[in-house]
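Asks: Here you go, one structure.
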Amino acid sequence: MFLEIKEGTTRILIPEPPTKSVFYNPKMELCRDIDIASVAAFVSALPSQDLTYIDALAGTGVRGVRMAKEVGVSVAINDRSNHAYECINKNILLNAVEERAKAYNADANVLLLQHKYDLVDLDPFGSPVPFLDAACKSVKKLLLVTATDTAPLCGAHTGGLRKYAAKPLNTEYHKEMATRILLGRVTRDLCKYDQAVQPLLSYSKSHFIRLIARVTKGAKKADACMNRLGFIAHCFACGNRVSSHDMQGIGTKCELCGAKIRLAGPLYLDPIKENRFCEQVHKELAIREQGKKKEALKLVATSMNELDIPFYYEHHAICKALKVQPSTIATLIDALRSTGFSASRTHFSDTAFKTDARLEEIKAVLKEL
């Protein structure tokens with residue numbers, strides 16, 4: 001039995017009751033809405049090209065069918081489950097996109113190694129690592145990656161070093177650390193094949209991390225990408241944190257309190273989004289019919305205006321340590337800016353902020369509010 005639902009302007013059949021063999025996650029509708037706008041923004045800059053897109057781990061095929069119907073790219077929609085393959089075909093027919101979409105019933109790695117696609121999308125259940133190498137060999141222009149194994153990426157559980165070849169730390173800015181560690185892994189995997197990554201929009205929401213990145217060919221570009229990796233040094237005694245592209249430039253003790261510091265990385269330290277691209281995505285979202293439109297617009301707008309600093313500060317945590325009453329985030333940001341610092345909100349947390357002020361300078365401003 002199937003239940004018909006609607007996402008964007010696309011009708012989708014999903015199993016009723018839900019089954020493990022035909023996966024559909026309604027909580028990812030926000031992600032799919034942003035994906036549609038992002039791919040539309042990307043392909044609009046290449047109007048003369050007939051771009052190919054693969055949803056390599058498709059489940060019901062909702063994302064791929066939406067790409068074919070709402071964006072108009074040529075789509076391959078794959079799932080190795082026989083039941084999922086049947087469901088994908090039903091959804092292709094339901095939306096009359098047979099000319100633009102084709103279903104596959106294959107192992108994702110095999111399919112990616114056999115064919116090259118302009119746009120490669122990995123949305124696995126858990127970690128994307130088992131599919132990253134094949135995706136990096138297959139992709140030509142745009143790579144989209146989801147990770148839902150946030151615990152090892154954030155440092156809450158073991159496995160970050162084993163899966164992502166990077167050491168995470170369980171800090172209050174763990175969502176950003178997880179995003180940058182994932183980006184670091186993608187950077188290294190692409191560089192193996194002389195491909196360079198340029199993050200266009202990277203974000204974390206509830207249980208997942210999503211990366212949308214341009215891919216370009218060239219050994220020199222790949223080398224330049226590797227120089228964007230580095231480390232974050234964090235002091236768990238006082239909360240001080242610094243970043244550096246060179247591990248040797250970081251001492252062993254906190255410069256504020258003298259306690260031993262701990263290192264996270266290697267991770268991606270450069271900007272994790274491109275403001276011009278985010279502006280185009282925001283415009284696409286504004287004109288489209290989407291179920292999570294309001295939330296998507298807010299997330300993209302906040303990301304677009306976010307400072308390119310590789311960590312953030314939790315407002316309430318600092319106020320608690322100082323034993324002062326928290327002001328509003330807006331008041332604090334205005335105070336930091338009036339003191340000569342840059343400051344912004346962050347999409348990673350509604351109660352956090354980013355600033356180029358050091359921790360002792362932030363505390364001094366908070367004491368004056």
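Asks: Would you be able to tell me the number of residues in the range 55-76 that are farther than 19 Å from residue 126 by Cα, β-branched (Val, Ile, Thr) and outside any loop (DSSP other than H, G, I, E, B)?
Replies: The qualifying residues number 3.
Asks: Moving on to the next point. I need the full set of residues from the range 295-315 which are farther than 14 Å from residue 240 by Cα and of a type in the set (Ser, Thr, Tyr), in order please.
Replies: Once the filter is applied, which keeps residues that are farther than 14 Å from residue 240 by Cα and of a type in the set (Ser, Thr, Tyr), the range 295-315 yields 302, 303.
Asks: Scan the range 109-126 for residues that are surrounded by fewer than 21 Cβ atoms within 10 Å (Cβ to Cβ) and not charged (D, E, K, R) and jot them down.
Replies: Listed by number, the residues that qualify are 109, 110, 111, 113, 114, 115, 124, 125, 126.
Asks: Now for a separate question. Just checking, does the range 195-217 include any residue being surrounded by fewer than 22 Cβ atoms within 10 Å (Cβ to Cβ) and on the phi > 0 side of the Ramachandran plot?
Replies: Checked the range 195-217: at least one residue is surrounded by fewer than 22 Cβ atoms within 10 Å (Cβ to Cβ) and on the phi > 0 side of the Ramachandran plot.
Asks: Can you report the number of residues in the range 187-232 which are within 30 Å of residue 30 (Cβ to Cβ) and of a type outside the set (Val, Ile, Thr)?
Replies: 23
Asks: Here is a follow-up. Counting only residues that are in contact with a strand residue (DSSP E or B) (Cβ under 8 Å, 6 or more places away or on another chain) and either assigned to a helix (DSSP H, G or I) or outside the structural domain of residue 330 (by TED's automatic domain parsing) (or both), which one in the range 345-369 is nearest to residue 172 (Cα to Cα)?
Replies: This residue is 359.
Asks: Looking only at the range 280-295, filter to residues that are closer than 17 Å to residue 45 by Cβ and of a type in the set (D, E, K, R); which one of those is surrounded by the most Cβ atoms within 10 Å (Cβ to Cβ)?
Replies: 284
Asks: Kindly indicate which of 239, 184 is surrounded by fewer than 23 Cβ atoms within 10 Å (Cβ to Cβ), of a type in the set (Gly, Ala, Ser) and out of contact with any Lys or Arg (no Cβ under 8 Å at 6 or more places or on another chain).
Replies: The conditions single out 239.
Asks: Being crowded, with 19+ Cβ neighbours inside 10 Å and of a type in the set (S, T, N, Q) is the filter here; which residues of the range 1-21 pass it?
Replies: Scanning the range 1-21 gives a single hit, 10.
Asks: Quickly run through the range 85-122 and pick out the residues that are of a type in the set (A, V, I, L, M) and outside any helix (DSSP H, G or I).
Replies: Within the range 85-122, 96, 97, 101, 103, 106, 119, 120, 122 qualify.
Asks: Can I ask one more? Output the residues belonging to the range 1-27 that are part of a strand (DSSP E or B) and either within 14 Å of residue 291 (Cα to Cα) or among the small types (Gly, Ala, Ser) (or both).
Replies: 5, 6, 7, 10, 11, 12
Asks: Just a yes or no: is a residue in the range 356-366 over 20 Å from the mean Cα position of the chain (by Cα), among the basic types (Lys, Arg) and surrounded by fewer than 14 Cβ atoms within 10 Å (Cβ to Cβ)?
Replies: no
Asks: Still on this structure, please answer the following. Residues in the range 25-50 that are surrounded by fewer than 21 Cβ atoms within 10 Å (Cβ to Cβ) and either without any contact (Cβ under 8 Å) to a residue 60 or more places away in the chain or over 19 Å from the mean Cα position of the chain (by Cα) (or both): how many?
Replies: So the answer is 9.
Asks: Oh, and also: For residue 326, which of the numbered conditions (1) crowded, with 17+ Cβ neighbours inside 10 Å; (2) at pLDDT 95 or above; (3) not acidic (Asp, Glu) fails to hold?
Replies: (2)
Asks: When residue 284 is evaluated against the numbered criteria (1) of a type in the set (Asp, Glu); (2) in a loop (DSSP other than H, G, I, E, B); (3) modelled with pLDDT of 95 or more, which criterion, by number, is the only one it fails?
Replies: Every condition holds for residue 284 apart from (2).
Asks: Let me ask something else. Which one of these does residue 53 not meet: (1) under 22 Å from the mean Cα position of the chain (by Cα); (2) of a type in the set (Ser, Thr, Tyr); (3) at pLDDT below 95?
Replies: Here residue 53 clears every test but (3).
Asks: In the range 194-238, which residues are within 27 Å of residue 55 (Cα to Cα) and over 21 Å from the mean Cα position of the chain (by Cα)?
Replies: 194, 217, 218, 221
The values are calculated or read from the model by the stated rules, or taken from the named source; none is laboratory data. Keep in mind the model is a prediction, meaning the values are calculated, not measured. Using ideal geometry, Cβ is built from the backbone for each residue, glycine included, and neighbour counts are taken over all protein chains shown.
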